[in-house]
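Undergrad: Encoded as structure tokens, here's the structure I'll be asking about.
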Amino acid sequence: MHGRQGRAELPFDGRDLGAAQGRDAALIAAVVDALPSPTVVLDPRGVIVLVNSAWVNDGRKHGLSIRPGADYFTEAVGLADDPDGRTLVAELRELMAGERSEMSIDRSMPGLSGTGRLWFHVQGTRVGGAGHVVVTHTDVTARVLAERASSWQARHDHLTELPNRAHLHELINRELHRPDHPAVSVLFLDVDGFKDVNDSLGHEVGDELLRQMSARLLEATRAQDTVGRLGGDEFVVLCRNCDTDGAAALAARCQAAFVEPFELGGRRLTLGASIGIAGTDGGNRRSVRSTELVRDADLAMYAAKAAGRGRVRVFSPDLRSAAETRMQLAAELRDAIAGDQLVLHYQPIVQLSTGTCTGMEALVRWQHPERGLLPPSDFVPLAAQHDLMAELTCWVLRTATGQAVAWDAAGLPLVMNVNISAEHFSAGTLTDDVAAALEASGLPPDRLVVELTETSVAEDPVSAAAQLARLRVTGVEVSIDDFGSGFSSISQLVALPAGLLKIDRSLVTCAAGRAGQAAAAIEAVVGLADAFGMRSLAEGVETAEQLAMATALGCTFAQGFHIARPMPAEDIPAWMAARTRGAAPLPLLTDAASLSRGLGSAVGSG
Ligand code: C2E
Ligand code: MG
Ligand code: MG
């Protein structure tokens, strides 16, 4: 009748297909045979009475030959006795008994010749009145695999392949709702200084670092723990069957896993992590949902980080009130900037060759009506988070330039240094805002220095360089603040149109017995500045020895508590007058003995 290859293997003889006889039976056989999916017709007992070519061919592919006369339930369904298989049998029997008119089910079977698992969409339809059933088997393996892959992707982080935020919450919730109530703890881990790496070495290096970190975390944790990534440099570890003491031990292991430097494109970088812990034990009974547990661990991490890098902190309820305070402050900050609650303190900058005070750095504070005088660390990051940075900086620029003009009129011609943040920088309004402040105050441009940190320019060095170049053309000096505290590539930094390098306090401050190392670091930076025609400033000079060292190593300027602490504007004239009178001479070490004492042996010999 037709020439399909499997046709000859269809021994359909019209036997007992309900009332169909002769030509009808042949027609039915032809229709079934034309169906693209493997199809069988069963009699009311489940015996196969008809198979089509697709069934025969597909069976051959899998090394199977189930032919008419065979029992469908034992031979086909019985190949995989699983819950789906049992449902399939039950529903087919109902179909045969006339209790339903159709059924369909997805079921998976092990591939028979090493082909991996297969999925079929099995569909049964009752035909005729005697209880015959047509069953089609559509291979949906490709679709199922694609769906599985996309559902896996939806639950995992593409970079590290760890569970992502949504999946982590799912897993934590599942653990929290176990009927046997095991102790559950969560570690919230944030990499210290990750932004610096990302900003200065590029996102690809940052990505590679995250992959290496995730591998080390997997190594450091136990088999029953789950390591996931929330995003950025934030990892969460779900510690199953683990109280906060156990979690603290685990946190220590995670930190130990970061001690060995990371190898990144030929560089060796050491980075630590701050870790917060929250668990279902110890004062945290309230936290029964995963979102609360993770948030509490996050708060503990925040406290750990605020206490200094590389620490571990277990959540306690007082942390929540501290977070509420921050929220409250953020809400009040806008009014504080617009109103008159911000104040500037000024820290003298001394030219080392002459010992005279030539400039001031303006440092912002918030005179809060209830909380007192707040340092910048309490609110400058909040301003950045709440998009208030440009407003804050404009206020600082206006006030500081106005103050410089006032001092000038009083016979104190000082250069004013103002800090600019990364956010303001990337907003692209820096040049205009600086120009506006200079115009409003009447301060000559060469009496203003803008200070930028190396990381703030690293995000978009090209645009940064363009803005800085425009500033310098107008006569405003540019200074790189906190030099040596990040990971910036030196070639990138010296390419910036800046005229002053401020050497970070961490390089200037030397631990007892390590003066030689501090000296070597300062000497290197001063040499670099010289080579590029820049001047240098030693920040955070706290002792006479450090001051002597900065002088001997050729720094142009110094600034630090040893010279003067930041102070309100009204105290500056008296401080300047006292210095000029010699009542508060610059505590320079001029005699040879104390100079060599200050420098230590390394400088003496170098
Ligand atoms: P910075 O620009 O590096 O300012 C120097 C900081 O070091 C000041 O802290 C100053 O008080 C402190 N300092 C100076 N000498 C010494 C010393 O000898 N020893 C020690 N331990 N510290 C010393 P402050 O005022 O708390 O400011 C901290 C940071 O806040 C500043 O670091 C700057 O990055 C930021 N900041 C301050 N004012 C502003 C501002 O108006 N705008 C922006 N965007 N950031 C600001
Ligand atoms: Mg500064
Ligand atoms: Mg600094």
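The values are calculated or read from the model by the stated rules, or taken from the named source; none is laboratory data. The structure displayed is predicted, hence computed values, not measured ones. Heads up, the Cβs are rebuilt from the backbone with ideal geometry, glycines too, and the neighbour counts pull from every protein chain shown. With ligands, DNA and RNA removed, areas are computed over all heavy atoms of the protein, side chains included. Shrake-Rupley method; radii C 1.70, N 1.55, O 1.52, S 1.80 Å.
Undergrad: For the Cα atoms of the chain, what angle does the longest principal axis make with the long axis of helix 203-220, in degrees from 0 to 90, nearest 10?
TA: 70
Undergrad: Could you give the nm distance between label points at GLN341 and ARG514, where each point is 7 Å from its Cα heading toward the beta carbon?
TA: 3.9
Undergrad: To continue, here is another question. Give the relative contact order (percent, whole number) for segment 276-428; include only Cα pairs under 8 Å separated by 6+ residues.
TA: 17 percent.
Undergrad: Tell me the angle of helix 290-306 to the major Cα principal axis of the chain, expressed in degrees between 0 and 90 and rounded to the nearest ten.
TA: For 290-306 against the chain, the angle is about 20 degrees.
Undergrad: Still on this structure, I have one more. Using only helices, what value at 222 nm comes out for the chain when you add -39,500 (n - 2.57) per DSSP H run of length 4 or more and divide by the total residues, to the nearest 500 deg cm²/dmol?
TA: -14000 deg cm²/dmol
Undergrad: Only four residue types carry charge here, +1 at the Cβ of Lys and Arg and -1 at the Cβ of Asp and Glu. Report the dipole size of segment 22-144 about the Cα centre in Debye, rounded to the nearest 20. Could the numbers behind the result be given before it?
TA: On the way: 12 positive and 15 negative charges, 46 e Å.
Roughly 220 debye, rounded to the nearest 20.
Undergrad: Can you tell me which of 220-228, 312-320 comes out highest on packing, and rank the rest after it, using the mean Cβ neighbours within 10 Å? Spell out each step's value before the answer.
TA: Values: 220-228: 16.9, 312-320: 18.6.
The most tightly packed comes first, giving 312-320, 220-228.
Undergrad: Please enumerate, by chain and number, the aspartates and glutamates with C-alpha under 17 Å from the C-alpha of LYS61, excluding those fewer than 8 residues away in the same chain.
TA: Partners within reach: GLU9, GLU75, ASP139.
Undergrad: Here's a follow-up. Out of all DSSP beta bridges with both ends in the chain, state the antiparallel percent to the nearest 5.
TA: Numbers: 65 of 90 bridges.
The antiparallel proportion sits near 70 percent.
Undergrad: For segment 245-257, just list the computed ³J(HN,Hα) in residue order, Karplus coefficients 6.51, -1.76 and 1.60, θ = phi - 60°, integers in Hz, with x standing in for Gly and Pro.
TA: Using θ = phi - 60°, the values come out as 5, x, 5, 5, 5, 5, 4, 4, 5, 5, 5, 4, 5 Hz.
Undergrad: How large, in percent, is the carbon and sulfur part of the accessible surface of the chain at a probe radius of 1.4 Å?
TA: Working: 14870 of 27720 Å².
For the chain, the apolar C and S fraction of the accessible surface comes to 54 percent.
Undergrad: Now a separate question. Once R0 is set to 30 Å, what does the formula 1/(1 + (r/R0)^6) return for the Cβ-Cβ distance between THR141 and ASN241, expressed as a FRET efficiency to the nearest 0.05?
TA: 0.20
Undergrad: In degrees, nearest 10, range 0 to 90: what is the angle between the Cα axis of helix 515-531 and the longest Cα principal axis of the chain?
TA: 90
Undergrad: Suppose each label sits 7 Å from its Cα in the direction of the beta carbon; what would the MET327-GLU219 distance come out to in nanometres?
TA: Computed distance between label sites MET327 and GLU219 equals 4.0 nm.
Undergrad: Just to verify a number: FRET efficiency for HIS158 and ARG86, C-beta to C-beta distance, R0 = 30 Å, to 0.05?
TA: Working: r = 38 Å, r/R0 = 1.27.
Efficiency at R0 = 30 Å is approximately 0.20.
Undergrad: In whole angstrom, note down how far apart the Cα centers of segment 359-417 and segment 334-351 are.
TA: Computed from Cα coordinates, the inter-centre distance equals 3 Å.
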